[in-house]
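All remarks here apply to the structure that follows.
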Amino acid sequence: MDRRQDLIQALTDEKQVERLLTCIEISKTLVCTFDMESLILTVVERINALIPASNWSLLLLDPDTRELHFSTVVGLEHAQIKDLRLKLGEGIAGTVAQTGKPIFIKDARKDKRFCKRVDTATGFETRSIICLPLTIRNEVIGVIEVINVENHNFFRQKYIPLLSILADYVAIAVDNVRNFKKLQISSFIDDVTGFYNTRYLTWNLEKLVAQVLQEGSELSVVFLDMDNFKQVVDAYGHLAGSKVLREVAHVIGPLLSSEDSLIRYGGDEFIILLPHRTKDEAYEFVCRLRQAINQSCFLCEEGINLPLTASYGIANFPHDASDKQTLLRLADQAMYQSKGRGKDTIMVGAPPEKKE
């Protein structure tokens, strides 16, 4: 009821009505955005256009650590505070995140709740603070802070009702993005291995190729196929075969960097995406991978202690291929050449010959 009364009181002139309509249009844009980077960019652009504040920040609560981090900041260099974290109850932002209640402070230096860590890290001087919670389903997921407002009373009368509405929609939008990401991630996971599936390959490979072209870097792709896997299934059954694939994936996983991706391509085939790796570097990686698989035993819990080998093919973008389809085809062909040479072999793809 208080928020409605504040809004009615604020709508005393045509300019404020115009701001409200703008706020509604912004809200529509926010809740239709499903990428966090795009969402943050939209929030920055629209709040800057709607509300006269040269210093403000959006802090989001990490669901795992339960700490606030600066998702975006206006008026300061984001690099100065990108690694700074605030605990629940720490500072004004932490207090608002903990209580779910807005705080308005005219002189932060006289308030015991004020935390100086941000000012110390940046050299900035905080005087006044307006901090509102981002709440969804009665749970705080972040806060919006507006710093050093010159006319505190005027800002509260004219802009807080609009900022409160925006905060509600930003909370909804952030929640939408997080839920969409969870759904997207789950749709990218292979049920057998727990690593990625072909849907992820299609989505991520396109992004990686574009990134390589933009940065002038390289991308190597590895195809690997388990040797004589049909014999494993025939001897021990499909459930055991699935467990073998899962165990193979967990042999490969620890060898990957944070940038690399392991994808179950289908049946007993895997694809590994190696961003920023030359063909030589990819070859060295596959040598270590081959050794790890060859030295492992599978279905040990069942007392089978099964040894396995695999055949490998490597191709590189942009040196071997000029597009993602050719890249995958060359790596696949190199893998089949490994099969033809007696299996348990590594082959490197070559670019297709140019027709005269």
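Any read-out appearing in this document is the output of simple, stated calculations on the displayed coordinates, not a laboratory observation. None of the values given here were measured: they were computed from a predicted structure. Don't worry about glycine lacking a Cβ; one is built from the backbone with ideal geometry, like all the others, and counts go over all protein chains shown.
A few notes on this one:
- Computed from phi, the 3J(HN,Hα) profile of region 305-310 under the Karplus parametrisation 6.51, -1.76, 1.60 (θ = phi - 60°) reads 6, 7, x, 9, 10, 9 Hz, with x in place of Gly and Pro.
- Spin-label model, R178 to T309: label points 7 Å out along the Cα-to-beta-carbon direction sit 5.0 nm apart.
- Taking region 211-229 and a reference point 7 angstrom along Cα→Cβ of C297, no backbone N atom is nearer than 12 Å.
- When the chain is treated as a Gaussian network with alpha carbon springs shorter than 10 Å, the biggest mean-square fluctuation among N176, N204, N138 belongs to N138.
- Percent of alpha-carbon pairs separated by more than 37 Å within the chain: 43 percent
- The C-alpha atoms of the chain define a longest principal axis, and helix 198-215 lies at about 70 degrees to it.
- Remark: relative contact order (the chain) = 12 percent; criterion is Cα-Cα distance under 8 angstrom and separation of 6 or more residues.
- Unit charges on C-beta of K, R, D, E only; dipole of region 198-348, Debye: 220 debye
- Helix-only [θ]222 nm of the chain, DSSP H runs n ≥ 4, -39500 (n - 2.57) each, per residue, nearest 500: -15000 deg cm²/dmol
- Near the amide H of T72, within less than 5 Å, lie the amide hydrogens of L58, all on another chain or at least 5 residues away, with H placed in the peptide plane.
- Per-residue HN-Hα couplings for region 237-254 [Karplus 6.51, -1.76, 1.60; θ = phi - 60°; Hz; x = Gly/Pro]: x, 5, 5, 5, x, 5, 5, 4, 4, 5, 5, 4, 4, 7, 6, 6, x, x
- Dipole of the chain [Lys/Arg +1, Asp/Glu -1 at C-beta], most positive-end residue of F285, I81, L219: I81
- Here is the list for region 179-287: GluC sites (Glu not before Pro) lying in DSSP coil, each with at most 14 other C-beta atoms within 10 angstrom of its C-beta, are E259.
- Summing charges over neighbours of R66, with a neighbour being any other residue whose Cβ is under 14 Å away from its Cβ, gives -3 when K and R count +1 and D and E count -1.
- Computed from the Cβ-Cβ distance with R0 of 41 Å, the FRET efficiency linking D107 to D83 stands at 0.90.
- If you plug the beta carbon distance of K207 and D234 into 1/(1 + (r/R0)^6) with R0 = 56 Å, you get a FRET efficiency near 0.90.
- Förster radius 45 Å - calculated FRET efficiency between H276 and S54, Cβ distance, rounded to 0.05: 0.70
- For region 263-300, the residues whose amide N sits under 12 Å from a probe point set 7 Å from the Cα of E215 along the beta carbon direction are 274-278.
- Charge dipole magnitude, Cβ of K and R +1, D and E -1 - the chain, Cα centre, debye nearest 20: 1000 debye
- DSSP bridge orientation in region 198-348 - percent antiparallel, rounded to nearest 5: 90 percent
- Among A121, A171, A249: highest mean-square fluctuation, GNM of the chain, C-alpha pairs under 10 Å: A121
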